[in-house]
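Below you'll find the structure, written out as structure tokens, and then a few comments.
The values are calculated or read from the model by the stated rules, or taken from the named source; none is laboratory data. Keep in mind that what you see is a predicted model, and the values were worked out from it rather than measured. Please note: Cβ atoms are built from the backbone with ideal geometry, for glycine as well, and neighbour counts cover all protein chains shown.
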Amino acid sequence: MDKILEVTVPATTANLGAGFDCMGMALHIRNSFIFQLGGRKFSAEGPEAKELEKDRGSLVYTAWETAFAYRKKTSPPLGLHINGVIPVGRGLGSSATAVVAGLYAASSLGELNLTDAELLTLASSIEGHPDNVAPALFGGLVVTSMEDSQIDYVVLPAHEELSVVLAVPDFKLSTSKARSVLPKSVSHKDAVFNTGHAALFVAAWASKKWDIFERSMDDRLHQPYRTPLVPGLQTVMDAAKQAGALGAALSGAGPTVAALAVDDKGDKIGKVMQKAFHARGIKCQIILTQIASSGAVSVA
């Protein structure tokens, strides 16, 4: 009988404003991947099934094969079924879940026994940076630093009292397009601004000084340049903060906007964010969620 493994991997929101390419947070929204060692069929279900069927799990298979190549072994056939609930192309790490799932399955089901460091290095090599794959692997808030193939990371625990409000527009924005508008160099002043604000966010997280989040999530390295790609971005973020959000930022490359909240203000914040997008002629879905304490896990 072929061996079967089910893995669930959380959505992520990366950057969190000033932490461009070096911070990411896991969310309580999960894609499920069922692997059959020796199988050959692919199938998908869920709200994102059509999108997943287009590439037939190509990223999952790429990760699976990459792991075996890393161990200098031949990858065996693999059947795959995906239950996709994370919006695709919206800045919520859907591609990271595929990469992480494929590597996790290779390590466990394929008996490659990859370490956490190896999983993160391989995932980052496929994704290009670790800000989404790190929280998808480990959960919580993960701060990373990547230089060539050396990746250092620290996992900070999730805060149960925080909620996350996601305003998910009804259009996609590819990471490549979102990166194409970024300048090749920035001023020393802007670099110092982001360094200070990213450090401030981490310090506020560690000390639970929620009142600092609003300012610490300001950014000068990517959001100002991506604003034309997400009509109403600044208005949506401002509306969220005026409604009681602790802070708001573009989620990953966008176009989703993520806001942090406490005190059951999520519904109110979501409504004003949706209204602000609607004012620009953009429909959007509101998702209320929390921070996931765990990353990729197998389901018994």
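Computed quantities for the displayed model
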{"quantity": "Residues of the stretch 263-300 that turn out to be more than 30 Å from Leu120 (Cα to Cα), of a type in the set (A, V, I, L, M, F, W, C) and part of a loop (DSSP other than H, G, I, E, B), as a count", "calculated": "2"}
{"quantity": "Of the criteria (1) within 22 Å of the chain's Cα centre (by Cα); (2) modelled with pLDDT of 95 or more, which one Lys271 fails", "calculated": "(1)"}
{"quantity": "Among (1) among the hydroxyl-bearing types (Ser, Thr, Tyr); (2) over 23 Å from Ala240 (Cβ atoms); (3) in contact with a Gly (Cβ under 9 Å, 6 or more places away or on another chain) - the single one Ser176 does not satisfy", "calculated": "(3)"}
{"quantity": "Residues satisfying the stated conditions in the stretch 136-177, i.e. more than 18 Å from Leu16 (Cβ to Cβ), of a type in the set (A, V, I, L, M, F, W, C) and assigned by TED's automatic domain parsing to the domain that holds Ala245", "calculated": "Phe171"}
{"quantity": "Which numbered condition Ala105 misses (of (1) farther than 28 Å from Ile287 by Cα; (2) in contact (Cβ under 8 Å) with a residue 40 or more places away in the chain; (3) surrounded by fewer than 24 Cβ atoms within 10 Å (Cβ to Cβ); (4) of a type in the set (A, V, I, L, M, F, W, C))", "calculated": "(3)"}
{"quantity": "Boolean, Gly17 is crowded, with 21+ Cβ neighbours inside 10 Å, of a type outside the set (S, T, N, Q), touching a Phe, Trp or Tyr at 6+ places or on another chain (Cβ under 9 Å) and closer than 21 Å to Val202 by Cα", "calculated": "yes"}
{"quantity": "Tabulated pairs, the stretch 49-69, first over 15 Å from Asn31 (Cβ atoms) and without any contact (Cβ under 8 Å) to a residue 40 or more places away in the chain, second among the small types (Gly, Ala, Ser) and part of a loop (DSSP other than H, G, I, E, B), C-beta under 6 angstrom, 6+ apart or interchain", "calculated": "Glu65/Ser75"}
{"quantity": "Test: residue in the stretch 134-145 that is surrounded by 15 or more Cβ atoms within 10 Å (Cβ to Cβ) and more than 23 Å from Ile291 (Cα to Cα)", "calculated": "no"}
{"quantity": "Among the candidates Pro130, Pro135, residue that is in a loop (DSSP other than H, G, I, E, B) and in contact with a Ser or Thr (Cβ under 8 Å, 6 or more places away or on another chain)", "calculated": "Pro130"}
{"quantity": "Count - residues of the stretch 252-262 that are at pLDDT below 95 and either more than 29 Å from Ser176 (Cα to Cα) or not in a loop (DSSP other than H, G, I, E, B) (or both)", "calculated": "1"}
{"quantity": "Close pairs (6 angstrom Cβ cut-off, 6 or more residues apart or separate chains): over 24 Å from Gln223 (Cβ atoms) in the stretch 152-175, crowded, with 19+ Cβ neighbours inside 10 Å and of a type in the set (Phe, Trp, Tyr) anywhere", "calculated": "Val155/Phe138"}
{"quantity": "Hey, Lys184 outside any helix (DSSP H, G or I), of a type in the set (Lys, Arg) and more than 16 Å from Gly91 (Cβ to Cβ) or not", "calculated": "yes"}
{"quantity": "Residues of the stretch 195-239 satisfying the condition of being of a type outside the set (Asp, Glu), crowded, with 18+ Cβ neighbours inside 10 Å and not in a helix (DSSP H, G or I)", "calculated": "Met217, Arg220, Leu221, His222, Val230, Gly232"}
{"quantity": "Every pair of residues 6+ apart whose Cβ atoms lie under 6 Å, when the first sits in the stretch 197-218 and is under 19 Å from Val257 (Cα atoms) while the second is at pLDDT 95 or above and among the basic types (Lys, Arg)", "calculated": "Glu214/Lys241"}
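A quick yes/no check of all residues on (1) under 19 Å from the mean Cα position of the chain (by Cα); (2) over 16 Å from Val164 (Cα atoms):
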site: Asp190; (1), (2): no, yes
site: Val202; (1), (2): yes, yes
site: Lys209; (1), (2): no, yes
site: Arg226; (1), (2): yes, yes
site: Gly244; (1), (2): no, no
site: Gly252; (1), (2): yes, no
site: Asp263; (1), (2): no, no
site: Gly266; (1), (2): no, no
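Residues are listed down the side, and each one gets a yes or a no for (1) among the charged types (D, E, K, R); (2) surrounded by fewer than 16 Cβ atoms within 10 Å (Cβ to Cβ):
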site: Pro255; (1), (2): no, no
site: Leu260; (1), (2): no, no
site: Asp263; (1), (2): yes, yes
site: Met273; (1), (2): no, no
site: Ala279; (1), (2): no, yes
site: Ile286; (1), (2): no, no
site: Ala292; (1), (2): no, no
